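Remarks on the structure that follows.
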Amino acid sequence: MDDFTYYRSVSRLCFVPRLCSPQYRRKTLSSFLWSTWLRFPQSIRCRFYRFLLLFSRPSSNSPHLLRLPFGLYAKLRSSGGKDIIQEALALQFVADYTSIPVPEVLDLFEASSSSLDGPVMILSRIRGTPISRISSLDALTDDQQTKIADVLRDWLNQLQYLQSPYGRTLCGYLGAEFTSYRINTSTTVGPYRSQDRFHETACCSMTSSHDPKVCALAAIIRQKRYDISFVHGNVSPENVLLDRKGVPVGLVGWECAAWMPSYWELTAGAWSVRGRAGEDVWSHILVRCLPQYTDELKVERELWKTYTPY
């Protein structure tokens, strides 16, 4: 059984064809036209997408994301295709159960040719500009930071209310491995049977080389029983889109979405700007969204001194 068929069969929360099914689309002229297009055989749609790819441009958000004509994006396989399917399902899940503006999954199919192989996801465009392309983080004024934090706080709190169907297991959307740039950039990770097992791994392990005070803090806070909730997993300036007034209008780049301890959104988001200009500004914005996890961020920053996911 190939990965595409397997991941379709094991999904507990939704079924892949539902992502693009006409009855689940908003009733507009464009949705009617696209629903009609989806009734064409996959082979015809695939040929059309391959033609569009001739005019594609790489996106600055991800090496696997291509910008197509007509305001479309194509996301291609990066680890056997499993991540593409999980991301598509995660996007549908977030769209169904939150008000967070995310790209719409327009098509998801298995391609097999010399130029296009594996699962491919076709996405809609959200009109907005990544924070990282508007200005440097250090140049953000207090008012601009407040606008960003106020909206992000609402979005991240909505995700915190989405409780895992897999008990205490830390895992991807489908209960198996997942992508995390904070843990390992070269391969998928997990699942972890519990938060304690996760905290014993190299990415979370405190050693004698770390600050003794932070080690003591880590020992205390890791006795907490965190909620296991849904996280974006990579809330970076590249993945938050702003309108012309500087207000967030979209959250993209959901390849790291997973069921993780509730503090993970803050620590993984802070990691996304580690060593870059504006690191403290972005961390401050995220802390304003999730202030209850400032101790966890202190421990996280101490871990950065010895651990690298590269």
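Quick one: accessible area per residue over the chain, 1.4 Å probe, rounded to a whole number of Å²?
48
By what distance, in whole Å, do the Cα atoms of region 121-183 stretch along each of the three principal axes, largest value first?
Rounded to whole Å, the extents work out to 41, 28, 25 Å.
Among the lysines, which have Cα under 28 Å from the Cα of LYS305 when same-chain residues fewer than 8 positions away are ignored?
Once the sequence-local lysines are set aside, what remains near LYS305 is LYS213, LYS224.
With θ set to phi - 60°, apply the Karplus curve 6.51 cos²θ - 1.76 cosθ + 1.60 along region 248-254 and write out the HN-Hα couplings as whole Hz, x wherever there is a Gly or Pro.
x, 10, x, 10, 10, x, 8
With a cut-off of 8 Å between alpha carbons and a minimum separation of six or more residues, what is the relative contact order of the chain in percent? Please list the in-between numbers first.
On the way: 506 pairs, mean separation 57.8, N = 310.
The normalised contact order for the chain reaches 19 percent.
Under 5 Å between amide H atoms, partner at least 5 residues away or on a different chain: which partners does SER272 have, H built in plane at 1.01 Å?
none
What residues have an amide H closer than 5 Å to that of SER194, excluding those fewer than 5 places away on the same chain, when H is modeled at 1.01 Å from N in the peptide plane?
LEU170
For region 89-167 and region 223-255, compute the distance between their C-alpha centroids and round to whole Å.
7
Using the eigenvalues of the Cα gyration tensor, what equivalent ellipsoid semi-axes result for region 71-213 when each is taken as the square root of five times the eigenvalue, whole Å, largest first?
With the √(5λ) rule applied to region 71-213, the semi-axes are 28, 26, 17 Å.
Under a Cβ-Cβ cut-off of 13 Å, what is the net charge of the residues other than PHE40 that fall near it, where Lys and Arg count +1 and Asp and Glu count -1?
My count for the surroundings of PHE40 gives +2.
Given a 1.4 Å probe and every protein chain left where it sits, what share in percent of the accessible area of the chain is carbon and sulfur?
Values: 7700 of 14730 Å².
In the chain, the share of accessible area belonging to carbon and sulfur is 52 percent.
Once you have the Cα-Cα distance between ASP280 and ARG244, take 0.36 nm times their residue separation minus that, and quote the gain in nm to one decimal.
10.6 nm
How high is the relative contact order of region 233-310, in percent, with contacts defined as C-alpha pairs under 8 Å that are six or more residues apart?
27
Taking θ = phi - 60°, what integer Hz values does the Karplus form 6.51 cos²θ - 1.76 cosθ + 1.60 yield along region 69-76, in sequence order, with x for Gly and Pro?
Whole-Hz 3J(HN,Hα) from phi for region 69-76: x, 6, x, 9, 10, 10, 10, 9.
Dipole of region 66-208 (Lys/Arg Cβ +1, Asp/Glu Cβ -1, origin at the Cα centre): which of GLN195, TYR173, PRO69 lies farthest to the positive side?
The listed residue farthest towards the positive side: PRO69.
Just to make sure I understand: if all protein chains stay in place, what is the order of PHE32, PHE198 by accessible area at 1.4 Å, largest first?
Largest to smallest exposure gives the sequence PHE32, PHE198.
Considering every Cα-Cα pair within the chain, what fraction, in whole percent, is farther apart than 32 Å?
Distances greater than 32 Å cover 28 percent of the Cα pairs.
Which net charge results for the neighbourhood of LEU137, defined as the other residues with beta-carbon distances under 9 angstrom from its beta-carbon, given Lys and Arg at +1 and Asp and Glu at -1?
Value of the local net charge: -2.
The values are calculated or read from the model by the stated rules, or taken from the named source; none is laboratory data. The structure displayed is predicted, hence computed values, not measured ones. In this analysis, Cβ positions are derived from the backbone assuming ideal geometry, glycine residues included, and neighbour counts consider all displayed protein chains. SASA here: full protein model, heavy atoms, side chains in, ligands and nucleic acids out. Shrake-Rupley method; radii C 1.70, N 1.55, O 1.52, S 1.80 Å.
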